[in-house]
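Input: a single structure, listed below in structure tokens.
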Protein chains: 2
Amino acid sequence: MATLKYSRQREAIKEYLSHTHDHPSADTIYMHIRQQYPNISLGTVYRNLNLLVEQGEIIKINCQDGSDRFDGNTDPHYHFLCKDCNNVLDLEMKSIDHINVIAGADFDGKIEGNVTFFYGLCPECNRQHEV
Amino acid sequence: MATLKYSRQREAIKEYLSHTHDHPSADTIYMHIRQQYPNISLGTVYRNLNLLVEQGEIIKINCQDGSDRFDGNTDPHYHFLCKDCNNVLDLEMKSIDHINVIAGADFDGKIEGNVTFFYGLCPECNRQHEV
DNA sequence: ATAATAATAATAACTATTACTGGAATGGAG
DNA sequence: CTCCATTCCAGTAATAGTTATTATTATTAT
């Protein structure tokens, strides 16, 4: 069962995610892959995205609006959501893992990790607001 | 439009949320309010929850599974999600607002805030795991 | 008390996602 | 190489969570 058979569709999805630095939604990925494989189905995109997440080859980001975004960069890093253009960016920043310790200070259970993202205005939208 | 007409159903929802320290889903709230108003509809619950969120009287928590949870405690505080029992707890902890500064250090846009929650095992589930 | 207005119940619609189906391509055993 | 099982695919149906619509009822102002 760990033996995934090769599939060009899945490969194309992985390829696309590894080259884009957007954090596209399943639908956006679908639109894009369709240029190469015009009759791929949305179901196939979803199934393969989930397979790739299970394999740890990509990351699923749970966005505010309830829709999922996907990220080919599996290195631990933080995300930024622009309130204006709704884009998701990567943040280059120091680790904030110490907040787990802060959170666990007065907590009787076990803190295993945290999910954190930042929001505000992305560089581009910020410039437009200043005008 | 800021003048919301009184409604006992909305009042009951607010009342319920202010007294429970769970973080119930719309459906759970619906089940509960129905004991008092047996013919309230789920649509009414959703509409009033969103109204209350708009008014800033309650908070909407965007959970992992995509479903929304609601919290009558509008003071800023952090949440903990148990991976075992899936309950959401409040965390008593020091502020971690400084992570906004860390995040903004090398960022050209504007960081306005962050959404953070912690996960792991709640006190109860943690005990059971140790057995 | 009556008219105007806003809230409700019920239901339809919508979005994102997952599951199912029949059929085609792939990979290994012989 | 051929057979067979497996895994894949496209297409579609189904589901969950939520929001919008509509006809009806309740609340407020006159």
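Accessible area per residue for the protein assembly as shown, computed on protein heavy atoms with a 1.4 Å probe, is 60 Å².
The portion of the accessible surface of the range B:78-130 made up by carbon and sulfur, rounded to a whole percent, is 44 (1.4 Å probe; DNA, RNA and ligands excluded). In the assembled protein chains, A:S41 presents an accessible area of approximately 50 Å² (probe radius 1.4 Å). Counting Cβ atoms of other protein chains within 10 Å of each residue's Cβ and taking the mean over peptide B:87-98 gives 3.
Distances from B:D65 to itself in the other copies, using label points 7 Å out along the Cα-Cβ axis, amount to 2.4 nm in increasing order.
Taking 20 Å as the cut-off, the amide N atoms of the range A:69-85 that come nearer than this to a point 7 Å along the Cα-to-beta-carbon line of A:L51 belong to A:69-74. Scalar couplings 3J(HN,Hα) for the range A:74-82, obtained by applying the Karplus form with A = 6.51, B = -1.76, C = 1.60 to θ = phi - 60°, are 8, 5, x, 7, 10, 10, 10, 10, 7 Hz; x denotes Gly and Pro. Here B:H77 yields copy-to-copy label distances, from shortest upward, of 3.6 nm, the label point defined as 7 Å from Cα along Cα to C-beta. Dipole size of the protein assembly as shown about its Cα centre, with +1 on Lys/Arg Cβ and -1 on Asp/Glu Cβ: approximately 940 debye, rounded to the nearest 20. Cross-link check: pairs A:K110/B:K83; A:K14/B:K83; A:K94/B:K110; A:K60/B:K94; A:K14/A:K60; A:K60/B:K110 evaluated at a Cα-Cα cut-off of 21 Å; pairs beyond the cut-off: A:K14/B:K83; A:K60/B:K94; A:K60/B:K110. Taking θ as phi - 60° and the Karplus parameters 6.51, -1.76 and 1.60, the scalar couplings of the range B:98-106 work out to 5, 5, 5, 5, 4, 5, x, 3, 10 Hz in sequence order, x denoting glycine and proline. A simple rule links phi to the HN-Hα coupling: the Karplus curve 6.51 cos²θ - 1.76 cosθ + 1.60 with θ = phi - 60°, which for the range A:14-20 gives 4, 4, 4, 5, 7, 9, 9 Hz, with x for Gly and Pro. Residues whose amide H lies under 5 Å from that of B:I61, counting only those 5 or more places away or on a different chain, are B:R69, B:F70, B:D71; hydrogens are built 1.01 Å from N in the peptide plane.
Against chain A, whose longest principal axis is taken from its Cα atoms, helix A:26-36 shows a tilt of about 30°. Each other copy places its own label point for A:K5 at 6.2 nm from this one, sorted shortest first, where the point lies 7 Å along the Cα-to-beta carbon line. Chain B against chain A buries an accessible area of about 3100 Å², both chains summed, 1.4 Å probe radius. The share of accessible area on the range A:8-71 that comes from carbon and sulfur is 44 percent, using a 1.4 angstrom probe.
The values are calculated or read from the model by the stated rules, or taken from the named source; none is laboratory data. Keep in mind that this is a model prediction, so the values were computed, not measured. Counting neighbours? That spans all protein chains shown, and the Cβs are built from the backbone with ideal geometry, glycine included. We work out accessible area using only protein heavy atoms, side chains counted, and drop any ligands, DNA or RNA first. Shrake-Rupley method; radii C 1.70, N 1.55, O 1.52, S 1.80 Å.
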